[in-house]
Amino acid sequence: MGRAVLVVYILVSIFSTCQKNNYFPQAGDLLFQDLDGSPFCDAVEKVTSGYSEANLTHVGIVACNDDNQIVVLEAIQEGVKATPLDTFLSRSHDVNGKPKVIVGRLKKKYRRLIKPALAEAFARVGKAYDNFFNIENDAYYCSELVYECFRIANSGKPLFILEPMTFKDPDTQAIFPAWQEYFAELNSPVPEGAPGLNPGSISRSPVLHIVHIYGIPGGYDANR
């Protein structure tokens with residue numbers, strides 16, 4: 001079997017295992033994830049809403065690595081990584097045991113940006129996680145990685161929109177205790193009002209189509 005044929009065979013095999021309702025992962029797809037189990041996720045969910053009101057606290061970019069494996073380029077606490085797709089999907093599940101992940105795909109006019117954006121993302125593998133949520137430093141939180149890679153791919157023009165961040169409980173207008181403790185340990189002020197973005201806001205971007213739902217995230221309302 002020739003190498004080119006073998007590569008095609010491997011890719012078809014990988015994609016066929018991911019097929020669900022005619023969905024095939026494509027390079028550049030954005031995977032929005034509902035992660036549970038921490039006060040930080042709860043705080044993010046309370047101040048943001050995603051596509052159809054879904055609680056979305058993490059995002060990564062689908063890519064194919066040099067070994068022809070489907071990976072998700074993401075910024076997590078350990079830093080920027082290329083994570084196997086199955087590992088990414090296994091992190092959280094709905095009541096039916098399905099991954100709480102929805103998939104956004106760039107609309108046709110923006111897909112020319114995918115290749116250079118992925119090159120930027122791969123170049124950042126190994127960079128530190130941005131504990132300070134500072135859009136100006138050379139570290140990255142999940143949404144910042146998506147923002148920066150597509151901004152550079154788009155000749156420096158942001159594809160996704162920065163907005164003032166909030167770390168306040170909307171019910172009390174006080175900073176969430178979890179965030180107070182977090183930034184106190186970093187000996188840094190809470191960056192209330194600083195520019196940033198989150199998975200929920202990206203999932204609602206007009207440059208995306210939502211093309212697949214693996215499992216139902218918390219808060220999801222199919223009628224919205």
All conditions in (1) of a type in the set (A, V, I, L, M, F, W, C); (2) crowded, with 16+ Cβ neighbours inside 10 Å; (3) free of Cβ contacts under 8 Å to residues at least 24 places away in the same chain are true of Ala184 except (2)
Please indicate, with yes or no, whether at least one residue in the stretch 65-77 is over 20 Å from Ala153 (Cβ atoms), at pLDDT below 95, buried (at least 19 other Cβ atoms within 10 Å of the Cβ) and of a type in the set (Val, Ile, Thr). no
For the stretch 184-224, what are the residues that are within 24 Å of Asp94 (Cα to Cα), part of a loop (DSSP other than H, G, I, E, B) and under 18 Å from the mean Cα position of the chain (by Cα)? Asn198, Arg204, Tyr214, Gly215, Ile216, Pro217, Gly218, Gly219, Tyr220
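Restricting attention to the stretch 24-40, which residues are more than 19 Å from Val207 (Cα to Cα) and at pLDDT 80 or above?
Phe24, Asp34, Leu35, Phe40
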What residue, of Glu192, Glu148, is exposed (fewer than 14 other Cβ atoms within 10 Å of the Cβ) and of a type in the set (Asp, Glu)? Glu192
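Among what's in the stretch 116-134 and is in contact with a strand residue (DSSP E or B) (Cβ under 8 Å, 6 or more places away or on another chain) and not aliphatic (A, V, I, L, M), pick the residue that is surrounded by the most Cβ atoms within 10 Å (Cβ to Cβ).
Asp130
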Members of the stretch 167-211 that are among the β-branched types (Val, Ile, Thr) and more than 30 Å from Gly28 (Cα to Cα): Thr172, Ile175, Val190
Across the stretch 99-115, the tally of residues that are surrounded by 15 or more Cβ atoms within 10 Å (Cβ to Cβ) and in contact with a helix residue (DSSP H, G or I) (Cβ under 9 Å, 6 or more places away or on another chain) stands at 9
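If you take the residues of the stretch 151-181 that are assigned to a helix (DSSP H, G or I) and in contact with a Pro (Cβ under 7 Å, 6 or more places away or on another chain), which of them is surrounded by the most Cβ atoms within 10 Å (Cβ to Cβ)?
Ala153
The values are calculated or read from the model by the stated rules, or taken from the named source; none is laboratory data. Keep in mind it's a predicted model, so treat the numbers as computed, not measured. In this analysis, Cβ positions are derived from the backbone assuming ideal geometry, glycine residues included, and neighbour counts consider all displayed protein chains.
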